[in-house]
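Undergrad: Let me give you the structure first, and then I'll get to my questions.
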Amino acid sequence: MTVTISHTSDIQNLLRDAAGFGNARGSDRHKNIVLRILQESVKLIEELEISDDEFWAGVEYLNRLGAKNEAGLLVAGLGVEHFLDLLRDAKEKSIGKVGGTPRTIEGPLYVAEAPLSEGFARMDDGSEDGLATPLFLGGRVIDLDGKPIAGALVDLWQADTKGNYSHFDTTQSKYNLRRRVVTDSDGRYRAQSIVPSGYGCDPSGPTQECLDQLGRHGQRPAHIHFFISAPGHDHLTTQINLSNDAYLWDDFAYATREGLIGEVRFIDDAHQSKERGVLGRYAEMEFDFQLRPAASPESERRSKRPRALQGA
């Protein structure tokens with residue numbers, strides 16, 4: 001027999017007291033959020049008849065999730081980070097803000113203050129020469145009228161051929177495959193990199209443990225992350241998923257969106273390779289980013305989400 005007591009005044013008073021409503025200190029916003037979390041939690045425990053064993057297993061899981069620094073990965077894998085994008089899209093559409101390159105999730109692997117260059121950057125450190133396929137990446141940053149945006153900042157980061165990111169993979173050099181490029185007078189950016197690999201969650205980590213219980217994989221397609229910003233324009237957080245990847249439309253993090261597919265062209269021509277200064281097969285990808293005019297100074301900046309710093 002299911003017993004429900006969460007609606008009673010005694011329990012509601014307990015939760016209000018726990019959320020700090022019995023004092024005049026602290027933050028009213030914080031109190032309201034915590035109260036709602038507590039109310040929904042006790043209701044869930046009742047309705048799903050969560051056992052003591054299940055409850056404390058959940059607490060222990062959260063401890064392991066934090067210890068492995070995978071909370072950001074899990075919220076992506078459960079679709080919550082994608083939901084935040086869809087919610088912002090809906091809010092903006094309701095006030096007539098449409099157009100431009102679609103946003104998509106940032107993910108948890110950005111590192112701030114990558115090396116800055118004008119117009120062009122070599123992203124990789126050469127450690128995978130002979131193993132990785134060189135990638136020549138370029139395009140323009142333009143406004144909604146198609147006019148180039150000079151001086152835009154293109155901040156990009158990606159995985160290596162093993163699906164690992166520098167800083168989090170300590171075998172890689174500092175800022176490997178992470179660069180910031182300022183667009184030229186034509187709004188153009190260029191980078192020489194390598195074709196990244198897709199990757200999966202740590203098979204022994206808590207995120208994959210949760211996904212296993214849901215009968216889901218933890219794989220991502222090959223992709224390149226971007227922050228695009230320019231004065232007077234909305235900041236854009238997005239990523240380009242490489243065409244023809246097996247997981248292109250089966251991304252466990254739900255980041256693939258129409259308008260964010262990068263068509264990769266592979267070239268096997270010794271003469272063209274020599275002109276590019278590489279040996280053997282290489283790849284090319286062009287992708288333009290279209291920015292919307294900023295609705296406010298706040299929209300020109302990325303969120304205040306905590307992010308890694310090199311050396312931190």
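Undergrad: Which residues, counting only those in segment 180-194, are of a type outside the set (Ser, Thr, Tyr), surrounded by 20 or more Cβ atoms within 10 Å (Cβ to Cβ) and assigned to a loop (DSSP other than H, G, I, E, B)?
TA: Gly187, the sole residue that qualifies.
Undergrad: Need the failing condition index for Gly130 against (1) modelled with pLDDT of 95 or more; (2) in a loop (DSSP other than H, G, I, E, B), just the number.
TA: For Gly130, the failing item is (1).
Undergrad: Residues in segment 218-259 that are hydroxyl-bearing (Ser, Thr, Tyr) and assigned to a strand (DSSP E or B): how many?
TA: 3
Undergrad: Continuing with this model, one more query. Could you check Asn69 against (1) over 21 Å from Leu260 (Cα atoms); (2) touching a residue at least 60 places away in the same chain (Cβ under 8 Å) and say which number it fails?
TA: So Asn69 meets the others, but not (2).
Undergrad: Tell me the residue from Thr101, Thr161 that is closer than 19 Å to Ala255 by Cβ, among the polar types (S, T, N, Q) and either touching a residue at least 24 places away in the same chain (Cβ under 8 Å) or part of a loop (DSSP other than H, G, I, E, B) (or both), please.
TA: Just one listed residue meets the conditions, Thr101.
Undergrad: If a residue must be in contact with an Asp or Glu (Cβ under 9 Å, 6 or more places away or on another chain) and in a loop (DSSP other than H, G, I, E, B), how many such residues does segment 295-312 contain?
TA: 6
Undergrad: Can you tell which of Glu70, Glu46 is surrounded by 14 or more Cβ atoms within 10 Å (Cβ to Cβ), within 29 Å of Asp212 (Cα to Cα), over 30 Å from the mean Cα position of the chain (by Cα) and not aromatic (Phe, Trp, Tyr)?
TA: Glu46
Undergrad: Pairs, please: C-beta under 8 Å, at least 6 apart or cross-chain, first residue of a type in the set (Val, Ile, Thr) and in segment 1-25, second in a loop (DSSP other than H, G, I, E, B)?
TA: Close Cβ pairs satisfying both conditions: Thr2/Glu49; Ile11/Ile5.
Undergrad: Can you tell which of Gly22, Gly26 is in a loop (DSSP other than H, G, I, E, B), of a type outside the set (Phe, Trp, Tyr) and surrounded by 12 or more Cβ atoms within 10 Å (Cβ to Cβ)?
TA: The unique qualifying residue is Gly26.
Undergrad: Under 30 Å from Ala308 (Cβ atoms) and either surrounded by 11 or more Cβ atoms within 10 Å (Cβ to Cβ) or touching a residue at least 24 places away in the same chain (Cβ under 8 Å) (or both), is that true of Leu35?
TA: Taking the combined requirement at face value, the residue does not satisfy it.
Undergrad: Among the residues that make up segment 205-226, is at least one of them surrounded by fewer than 18 Cβ atoms within 10 Å (Cβ to Cβ) and either within 23 Å of Ser299 (Cα to Cα) or hydroxyl-bearing (Ser, Thr, Tyr) (or both)?
TA: no
Undergrad: Ok, one more. What number of residues in segment 91-145 are more than 28 Å from Gln172 (Cβ to Cβ) and out of contact with any Ser or Thr (no Cβ under 7 Å at 6 or more places or on another chain)?
TA: Within segment 91-145, residues that are more than 28 Å from Gln172 (Cβ to Cβ) and out of contact with any Ser or Thr (no Cβ under 7 Å at 6 or more places or on another chain) number 15.
Undergrad: Can I ask one more? Quick check on my filter: what residues within segment 260-294 are among the aliphatic types (A, V, I, L, M), closer than 16 Å to Thr237 by Cα and in a loop (DSSP other than H, G, I, E, B)?
TA: Residues satisfying the conditions are Leu260, Leu291, Ala294.
The values are calculated or read from the model by the stated rules, or taken from the named source; none is laboratory data. Note that the coordinates shown come from a computational prediction; the quantities given were computed from them, not determined experimentally. FYI the Cβ positions are ideal-geometry reconstructions off the backbone, even for glycines, and counts take in every protein chain you see.
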